[in-house]
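**Q** Structure in structure tokens, see below.
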Amino acid sequence: MADYLFLAGKKITNRLFIGTGKFPNQLMVKKVLEKSRAEVVTVALRRVDLTSKEDNILDYIPKDCHLMINTSGARDASEAVRIARLAKASGCGNWIKLEVIADNKYLLPDNLETLKAAEKLAQEGFAVFPYISPDLSLAKRLVKAGCAAVMPLGSSIGSKRGIKTAELIKIMIQEVPSPIIVDAGIGWPSDASYCMEIGCAAVLVNTAIATAKNPIEMAKAFSLAVQAGRLAYFNSTKSSAEFASASSPLTGFLRTKA
Amino acid sequence: MRIKINGKEEILDKSISLQQLLVKKGLDKKRVVIELDLKIIPEQDLANTLIQEDDSIEIINFVGGG
């Protein structure tokens, strides 16, 4: 049976979303996206560098990829809304990965400003994917405001420290009526697999793939991990025990003494 | 004519349209988004929007990002 993820009216098969920052070059972005068959890809918006003749990143993103445009650089809700409107004006869709970050040390999101921006953008018809520090009340408010999903961080952006916020993410998966997509801090394929095993709808990975020795192979590893985790999620009994339970029969032992 | 483009001051000899500015900078209007004094200018209006003294223009494009 097909296992689709329905997000903002789009049917998605590949639950590994890939960020396009930090790659050694733009051609590698293209190769990774093609080989991994990524369907959802993030990009950023910046001032054109008028001194450089670099190609446009869009030329290296397969046409059938769906863009999720981040509002990186936004320090408050008004800046995030401004960036989102610029993104929409580009004609590249209305999926916005809402990032509002004023903290330059840990790049942790400002949850309050994120909520303000999300409410505004959802009203304007954007498909809003807010990046947040895991907070159950906030997540519920974001869903109520009309966000398409919620994207809690695993750990700081670019840190590859793994899923340090696991317990809070598990609670969100149980209690928030929305896809939960972990973003930031995923360092290893096992992190991605873990997210899927506990019930995340998808994961977004950038640094761990882009900065790998071989980003194409690493993207493959992540793809396999996401699939493995998803299969395990469906087929696990989700129980663990305090004591051992033998895996081999407890009769017919070969004994010299009783 | 003194204007700002992407935060930097520039001098223009005369008023030109935003479309002409993009041509001058070697930019494809389909690959950028333009803001003039914090107002987004749609592609179809670039040719008939003239730059004026003290205008602040942002020329934005997509880059790789997570």
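**Q** In deg cm²/dmol, rounded to 500, what helix-only [θ] at 222 nm does chain B give when every DSSP H run of at least 4 residues adds -39500 (n - 2.57) and the total is split over its residues?
**A** Only helices count here, giving -2500 deg cm²/dmol.
**Q** With the Cα gyration tensor of the range A:1-43 in hand, give its eigenvalues times 5 under a square root as the equivalent ellipsoid semi-axes, listed largest first in whole angstrom.
**A** Numbers: eigenvalues 110, 25, 8 Å².
Those come to 23, 11, 6 Å.
**Q** If you don't mind, another one. How would A:SER240, A:SER72 line up from fewest to most surrounding beta-carbon atoms within 10 angstrom?
**A** A:SER240, A:SER72
**Q** Given 0.36 nm per residue, what is the gain on full extension from A:ILE171 to A:LYS35 after removing their alpha carbon distance, in nm?
**A** Additional length available on full extension: 45.6 nm.
**Q** Would you mind checking which residues have amide H under 5 Å from A:HIS66's amide H? H placed 1.01 Å from N; only 5 or more apart, or other chain.
**A** Amide H neighbours of A:HIS66, under 5 Å, 5+ apart: A:VAL40, A:VAL41.
**Q** Putting +1 on Lys and Arg Cβ atoms and -1 on Asp and Glu Cβ atoms, find which of A:PRO152, A:THR114, A:GLY162 reaches farthest to the positive end of the dipole of the range A:94-214.
**A** It is A:GLY162.
**Q** Starting from the alpha-carbon convex hull of chain B, give the projected area averaged over all orientations, in nm². Spell out each step's value before the answer.
**A** Details: hull surface 18.8 nm².
The directionally averaged projection comes out at 4.7 nm².
**Q** Something else now. Any aspartates and glutamates with Cα under 20 Å of the A:LYS53 Cα? List them, leaving off those in the same chain fewer than 8 positions away.
**A** B:GLU10, B:ASP28, B:GLU58
**Q** In addition: For helix A:136-145, what angle does its Cα long axis make with the longest principal axis of chain A, in degrees from 0 to 90 and rounded to 10?
**A** The angle comes out at about 50 degrees.
**Q** Quick check on the exposure proxy: order A:LEU50, B:LEU12, B:LEU38, A:LEU33 from fewest to most C-beta atoms within 10 angstrom.
**A** With the sparsest Cβ surroundings first, the list reads B:LEU38, A:LEU50, B:LEU12, A:LEU33.
**Q** Report the trypsin sites (Lys or Arg not before Pro) located in the range A:16-54 that are in a DSSP loop and have at most 10 other Cβ atoms inside 10 Å of their Cβ, or state none.
**A** A:LYS53
**Q** Now a separate question. So if R0 is 30 Å, what FRET efficiency would A:SER248 and A:LEU224 give, r being the distance between their Cβ atoms, rounded to the nearest 0.05?
**A** 0.50
**Q** Using each residue's phi in the range A:36-41, evaluate 6.51 cos²θ - 1.76 cosθ + 1.60 at θ = phi - 60° and report the 3J(HN,Hα) Karplus result to the nearest Hz, with x for Gly and Pro.
**A** 7, 6, 4, 9, 10, 9
**Q** Over chain B, what relative contact order in percent results from Cα pairs under 8 Å that are six or more residues apart?
**A** For chain B, the relative contact order is 44 percent.
**Q** Now for a separate question. Going down the table (A:LYS116/B:LYS14; A:LYS120/B:LYS25; A:LYS88/A:LYS116), which pairs top 30 Å between alpha carbons?
**A** The pairs that break the limit, which is 30 Å between Cα atoms, are A:LYS116/B:LYS14; A:LYS120/B:LYS25.
**Q** Can you run phi through the Karplus equation (6.51, -1.76, 1.60; θ = phi - 60°) for the range A:47-54 and list ³J(HN,Hα) in whole Hz, with x for Gly and Pro?
**A** Rounded to whole hertz, the list is 4, 4, 7, 6, 9, 10, 10, 5.
**Q** Right, another one. Using only Cα atoms and rounding to the nearest 10 degrees, what angle (0 to 90) does helix A:166-175 make with the longest principal axis of chain A?
**A** 80 degrees
**Q** Can you tell me what the convex hull of the Cα atoms of the range A:17-76 projects to on average, as an area in nm²?
**A** The orientation-averaged projected area of the Cα hull of the range A:17-76 comes to 4.7 nm².
**Q** For chain A, find the longest principal axis of its Cα atoms and tell me its angle to the long axis of helix A:111-123, 0 to 90°, nearest 10.
**A** 70 degrees
**Q** Whole-Hz ³J(HN,Hα) for each residue in the range B:13-28, computed from phi via Karplus 6.51 cos²θ - 1.76 cosθ + 1.60 with θ = phi - 60°, x for glycine and proline: what do you get?
**A** 5, 8, 6, 10, 7, 4, 5, 5, 4, 5, 4, 4, 8, x, 10, 8
**Q** Shifting gears a bit: Taking amide H positions as placed in the peptide plane 1.01 Å from N, state which residues far from A:LEU7 in sequence (5 or more) or on other chains have amide H under 5 Å from it.
**A** Under 5 Å from the amide H of A:LEU7 lie the amide H atoms of A:ILE12, each far enough along the sequence or on another chain.
**Q** Can you list the equivalent-ellipsoid semi-axes of the protein assembly as shown, largest first and in whole Å, using the square root of 5 times each Cα gyration tensor eigenvalue?
**A** On the way: eigenvalues 407, 86, 50 Å².
Equivalent ellipsoid of the protein assembly as shown: 45, 21, 16 Å, largest first.
**Q** Still on this model: What percentage of all Cα-Cα pairs in the range A:103-250 are separated by more than 19 Å? Show your work: numbers first, answer last.
**A** On the way: 6124 of 10878 pairs.
That fraction is 56 percent.
**Q** Same structure again: Using Cβ counts within 10 Å as a stand-in for footprinting exposure, how do A:CYS92, A:CYS147, A:CYS65, A:CYS195 rank, fewest first?
**A** With the sparsest Cβ surroundings first, the list reads A:CYS92, A:CYS65, A:CYS147, A:CYS195.
**Q** Would you pull out the residues with amide H under 5 Å of B:THR49's amide H, same chain only if 5 or more places away, H placed 1.01 Å from N?
**A** B:LEU18, B:GLN19
**Q** May I ask you to derive the relative contact order of chain A, considering only C-alpha pairs under 8 Å and at least 6 residues apart, and to give it as an integer percent?
**A** Values: 478 pairs, mean separation 42.3, N = 258.
Result for chain A is 16 percent.
**Q** At each listed q (0.14, 0.24 Å⁻¹), what is the log10 of I(q)/I(0) that the Debye formula gives for the range A:43-155 modelled as equal alpha-carbon point scatterers?
**A** -0.56, -1.34
**Q** Next question, about the same structure. Quick one: compute the contact order of the range A:163-258, relative version, from alpha carbon pairs under 8 angstrom and 6+ residues apart, as a percent.
**A** For the range A:163-258, the relative contact order is 25 percent.
**Q** Summing -39500 (n - 2.57) over the DSSP H runs of n ≥ 4 in chain A and dividing by its residue number, what mean residue ellipticity at 222 nm do you reach, to the nearest 500 deg cm²/dmol?
**A** -11000 deg cm²/dmol
**Q** What per residue convex hull volume, in Å³, do the alpha-carbon atoms of the range A:148-191 yield?
**A** Values: hull volume 2.8 nm³, N = 44.
Spelled out: Cα convex hull of the range A:148-191, divided by residues, is 64 Å³.
**Q** Which FRET efficiency value, to the nearest 0.05, is calculated for B:LYS30 and A:ARG47 with the Förster distance at 22 angstrom and r the Cβ-Cβ distance?
**A** Efficiency, rounded to the nearest 0.05: 0.80.
Any read-out appearing in this document is the output of simple, stated calculations on the displayed coordinates, not a laboratory observation. The model shown is predicted, which means the values in this text are computed figures rather than measured ones. Don't worry about glycine lacking a Cβ; one is built from the backbone with ideal geometry, like all the others, and counts go over all protein chains shown.
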